Amino acid sequence: MADTSVTVTYDHVYAATAEKTTKVAHRQVFYKHPLMYWLDKVRPKGGRKEDGSGRDGKIERRVTKTRVYGTKTWGRGTTFDSNDPELYTIAKYRYGQLGMPLTRYYEDELENSGEAQIINEVTDKMSVALDSMREDVALQMVETTPGTRHLWGPLYYVREDPTADLSIAEINQSTNTWWRNQTSNMTGLAAVSHLDKYMFDLMLTCGQWGSIDYIICSTDVFSLYNDVTTDDRIITSNAMGDAAFKKLGYKGIPLVVDYDFPSGTLLMVDSSAWEWQPDPRCYFKWQKFERLPNGVDKQAQLLVRAQLLCTKRRSQGILYNIAA
């Protein structure tokens, strides 16, 4: 009877603590990534949208194909093309699906008596689980070739070779020139002499299609930029500083380090074209604790279903092979 009482207490405390943890889990896991924090908390109009749309695990977005609208001057007798230009197409993004197990050992339930001890143990286990998920998310966000059901990070959308025969969100970038990001290669060029010019030129190129408002780079580039840029030209972002991100500034634009970025890489972001799309039906959702087969212990799973979307690649840019 005593064992049953302990188990019942555990069931209640685990359920209550899990519900409380879920409310802050998004911040603990995703706010550690600078782009995710920027989209959710800093960008004026916000970059987080929640809906359960999409068939077969896919999210659909209408994306602009061209900015040429067939405008012409007109006068008496002028005729217009009767064909409706195809200005849009549908990009299809697949949800990333993450899961983390949480195990309750029956022996621990017997050895930990008292609700306070149980709450502490549950809280510690959940904190470790979320930290582990955060590390996995950070690594997925820098993949150029995401695994099955992985998140699609910035380096998946913004590529060093945007002309390669490759489909991004089911649109082939090789045959659709409007679905290509901007690039610049600094191979063989010293950062001290060329970094500022190449950054400026890339920003101008991206500016034809949007507005760069955020820059992410690797640790070595962050250090190089700090060395070659005079203090009076560095304008920091207080918003990103509040989140304890290591940041500088480039012409008023926050420049933030991502510790998992590949060396020699700098990404220019037009964040108006990015969305964080969680599935509200399965976003930090705890599955019910069930007894493991042929055992005395129980396990539940913490499940996340979401995706990072980029709907306008041509206003994003990547500068690579940056070296001293």
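Numerical summary
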| item | result |
| --- | --- |
| Index of the failed condition, residue 148 passing every other in (1) touching a helix residue (DSSP H, G or I) at 6+ places or on another chain (Cβ under 9 Å); (2) not in a helix (DSSP H, G or I) | (1) |
| Neighbours by Cβ (under 6 Å, 6+ apart or cross-chain): first from segment 15-29, closer than 16 Å to residue 119 by Cβ and in a helix (DSSP H, G or I); second modelled with pLDDT of 70 or more and not polar (S, T, N, Q) | 17/122; 18/286; 21/126; 22/284 |
| Residue that is modelled with pLDDT of 75 or more, of a type in the set (Phe, Trp, Tyr) and either closer than 20 Å to residue 153 by Cβ or touching a Leu at 6+ places or on another chain (Cβ under 6 Å) (or both), where the choices are 106, 93 | 93 |
| Condition check for residue 37: crowded, with 17+ Cβ neighbours inside 10 Å and at pLDDT 80 or above | yes |
| Test: residue 184 is touching a Leu at 6+ places or on another chain (Cβ under 9 Å) and outside any loop (DSSP other than H, G, I, E, B) | yes |
| Subset tally (residues that are farther than 21 Å from residue 320 by Cβ, surrounded by 13 or more Cβ atoms within 10 Å (Cβ to Cβ) and hydrophobic (A, V, I, L, M, F, W, C)) for segment 244-291 | 6 |
| Residue 61 vs. criteria modelled with pLDDT of 80 or more, buried (at least 16 other Cβ atoms within 10 Å of the Cβ), out of contact with any His (no Cβ under 9 Å at 6 or more places or on another chain) and farther than 30 Å from residue 295 by Cβ | yes |
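Yes/no per residue for (1) surrounded by fewer than 15 Cβ atoms within 10 Å (Cβ to Cβ); (2) in contact (Cβ under 8 Å) with a residue 12 or more places away in the chain:
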position: 150; (1), (2): no, yes
position: 154; (1), (2): no, yes
position: 158; (1), (2): no, yes
position: 175; (1), (2): yes, no
position: 185; (1), (2): yes, yes
position: 199; (1), (2): no, yes
position: 202; (1), (2): no, yes
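The values are calculated or read from the model by the stated rules, or taken from the named source; none is laboratory data. As the structure is a computational prediction, the values presented were derived from the model and not from experiment. Counting neighbours? That spans all protein chains shown, and the Cβs are built from the backbone with ideal geometry, glycine included.
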